Structure formats: C-alpha cells, structure tokens
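Each remark here refers to the structure printed beneath this line.
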Ligand SMILES: [Zn+2]
Ligand SMILES: [Zn+2]
C-alpha cells in the first residue's frame, strides 16, 4: 500500500477523530506509508463537521509538515452529498486550501436529500427502487458538478445502482473506495463494478493514529470477491493521482 487517503483528525468535532494531523502522519511514517491524506467531515455534518476555519488552519500545518516530513501529506475533505441534485458541502471559500475532495453520504447531515436529518433513509427506504434511483442520480450529478477524487463507502446508509455510478465514475476519473470500516458491496455489485472501467482506492477511514493504514479486513474481502490488485490505484507502489477539487457547474 502506497498511502492511506481517508483519515480523520481532531478537526472532525466531538472527539470523532482522536488525533492531530502530526500524530496521524507519524503513524503513517512508522508503518512505512509514503503518503497520507487527511479527510475530515464536511461542515454540514451536525456533529462531526469541521469548523469554519479548519481547512485554512490545517493547510498551514500540512504545508509545514511537507517541508520536513518523510510522509507526503495531502489535505482533503470528506464532503457530504447533501441534495438529490448532487450538491456537496464544499464551501467555495475553502477550495484553495484542499488538494482534493472525496464525497460520501452520511446520516446526521443538514441536507435537502429526503428530510433534513436524512434519518428516513436509514432502513425502511433502502430497498425502495424509487429511492435507489434518486440516490443514483444524486451521485452521478455530484460527479458532473464537482471534480471528485473518490466516492467514500458507497452503499453505506443509502443504496445506489453501483454499475451506473461506476460507469460515470470511470468516465470522470473518480475512484470508488474500498473502505476498511464500511464495506457494503454484494458480490454481484462487485462484479458489476468490475465490468466497467472504474478504478478503486483502498483506505482505512482511520479515526485514530493506531488505525492508519489498517486495511486487513477489506483486503480479505478484496481477495474473496476477486478484485484484481491492478484495479486498485494505491497498491503495488503505483503513483497515485488524486484529481484536484474544482466546481464544474452550479
Ligand atoms: Zn464517511
Ligand atoms: Zn470517513
């Protein structure tokens, strides 16, 4: 594994992330990772979202560390998908501070998705084909409206038609994440994604320093479901390209 590109720090509020950027980078260094990305939660998450000036402060820390550290640190954001039209909670004012944006759906986010708390998407509507279509469109629109490096833990909390999302992701150069903490794909969904040209990225989603680079659970599933390592961008010493963030359309 070259790097771990989905980790949380104290900038995710309410002790959601346990450690500082420095502590996470030291952990990455100690296990021999070459790269690390910090991706705290977008500001619309009611509990864990970052504060207003968090990315600005984090940028200063990351720049100083990259001047002296062995591990290359990227500053990203795990933005929330917040509307059926593919809007995300990336503030335009924050854009200059981040290297990239990843996008995921989270409960407990202020949004225009279903209701403001997204709670009615928990269980009862997960298998509703109409809701799945809405969710699929939301992800596709998000990739058309924003330059997104990767989609985090797809199929967690809400379901999509993974094949269609993967087709658009492949066309946009957006990776689909294989997340060590949240891996919710069925075997058929994995096959459907593999039938497209999409590429994957393996991440820990670490919320503490000791979990940086911890991907053993998801690696077992990758082998079990027969995902070829060549399809994983941060494997086998390959140089990882993370698409920089920009807003493509409103
Ligand atoms: Zn997440
Ligand atoms: Zn996360």
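The values are calculated or read from the model by the stated rules, or taken from the named source; none is laboratory data. Please read these numbers as outputs of a predicted model, since none were measured by experiment. Note: ideal-geometry Cβ built from the backbone for every residue, glycine included; neighbour counts use all protein chains shown.
For the range 217-240, the criterion of being part of a loop (DSSP other than H, G, I, E, B), within 19 Å of the chain's Cα centre (by Cα) and on the phi > 0 side of the Ramachandran plot is met by no residue.
Residue check: residue 196 meets all listed conditions (1) free of Cβ contacts under 8 Å to residues at least 40 places away in the same chain; (2) in a loop (DSSP other than H, G, I, E, B); (3) surrounded by fewer than 18 Cβ atoms within 10 Å (Cβ to Cβ) but one, namely (3). Looking across the range 17-42, the residues that are within 16 Å of ligand 1 (Cβ to nearest atom), farther than 14 Å from residue 3 by Cβ and touching a residue at least 40 places away in the same chain (Cβ under 8 Å) come down to 17, 18, 41, 42. Looking only at residues of the range 70-107 that are in contact with a helix residue (DSSP H, G or I) (Cβ under 8 Å, 6 or more places away or on another chain) and within 12 Å of ligand 1 (Cβ to nearest atom), we find that the one that is modelled with the lowest pLDDT is 107. Just so you know, in the range 154-172 the residues that are buried (at least 24 other Cβ atoms within 10 Å of the Cβ) and under 14 Å from the mean Cα position of the chain (by Cα) include one that is nearest to ligand 2 (Cβ to nearest atom), and it is 154. Restricting attention to the range 53-76, the residues being farther than 20 Å from residue 27 by Cα and buried (at least 18 other Cβ atoms within 10 Å of the Cβ) number 2. Annotation note: of 208, 243, the sole residue that is touching a residue at least 40 places away in the same chain (Cβ under 8 Å) and away from ligand 1 (no atom under 16 Å from the Cβ) is 243.
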